[in-house]
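Shown next, in structure tokens, is the structure this report addresses.
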Amino acid sequence: MKDYYSILEIQENAAETLIKSQYRRLASVYHPDKNPNNTDKFLDLNEAYRILMNRALRESYDRDFKEFNNLKKSRSGDKIIPYRTRLRDGGNVNIEIDFTDDVINSKDGEFITKTIQLQRYVNCPDCGGEGRERGTLAIICPQCGGSGMVKNRDTKINEVCQDCGGYGDIFLYKCKICNGMGRIKKSEEITLEFKKDDILNSVAANGNDNNNKIIIFSGRGDDGVFGGKNGNLTVSVKIDDNILNKINNLHKGFFIKRLFSKK
Ligand SMILES: [Zn+2]
Ligand SMILES: [Zn+2]
């Protein structure tokens, strides 16, 4: 929200005569003829003058302005959540599972189930992922009008609004459980099912490099909040080197057999 009083360099109770004289003085300083590269200030002066010189418009502006200032005061000490930490999309969660025994003790084509303890971010149960205390408001950011972007006065480049962090809204009371993030870290026991073939294919395709032997569970990583999408759960397949070599040899043989049988 623009502060018309500071634009005109006057107090909030300034009389119309002062508004008029300040406008004349500043308008001549910032006139586009003298400042062809910066017309914003001149436009602001005109806008401020137009609003403050109209009794009805000034009254309604004063009401909004007071509310805006109260809002800013009520939020002092309650720092607005920065853009980069208030994420929408959930992150990928990466874990490693040792399949050595499972691969030895199961038949090809079988499913291998693994129950593991998984730590990931889930929707905050307290605020339901809203990031603000239940029953409290998220208001349209007065600084950017909800767009999340503001034009830098000097560079004329659109930048992320600092007041709302680019979200276009502001929480009057952020959720204390998740600190406004909408999600909390949770450890839970989950059961995953793997096709033995997927594990074999994964290790055969990537050799001994454990980091690359990965099976992806789409959407089972960190929860997305504020309309974001879930991250993935990626499982690095770990297998004892000796067993891995055996599998690789067997697997190669398997593929070669298949190639020949096709002819
Ligand atoms: Zn904003
Ligand atoms: Zn919460």
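The figures follow:
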read-out: Reach of K176 by Cα under 18 Å, taken over aspartates and glutamates that are not fewer than 8 positions away in the same chain; value: D78, D126, E130, E133
read-out: Over 32 Å (Cα to Cα) - which of K2/K174; K196/K229; K66/K186; K34/K151 fall in this group; value: K66/K186
read-out: The range 4-74, relative contact order in percent, only Cα pairs under 8 angstrom and at least six apart counted; value: 31
read-out: Rounded accessible area of D223 (nearest 10 Å², 1.4 Å probe); value: 20
read-out: Per DSSP, loop trypsin sites (Lys or Arg not before Pro) in the range 1-48 with at most 10 further Cβ within 10 Å; value: K34
read-out: Derived scalar couplings ³J(HN,Hα) [the range 192-199; Karplus, 6.51 cos²θ - 1.76 cosθ + 1.60; whole Hz; x for Gly, Pro]; value: 10, 10, 10, 7, 4, 4, 5, 5
read-out: Highest average packing first - 51-60, 169-178, 89-98, Cβ atoms within 10 Å; value: 169-178, 89-98, 51-60
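The values are calculated or read from the model by the stated rules, or taken from the named source; none is laboratory data. For clarity, every value in this text was computed on a predicted model and none was experimentally measured. Methodologically, a virtual Cβ is constructed for each residue, glycine included, from the backbone with ideal geometry; neighbour enumeration extends over all protein chains shown. Surface accessibility is based on the protein's heavy atoms, side chains included, excluding ligands, DNA and RNA. Shrake-Rupley method; radii C 1.70, N 1.55, O 1.52, S 1.80 Å.
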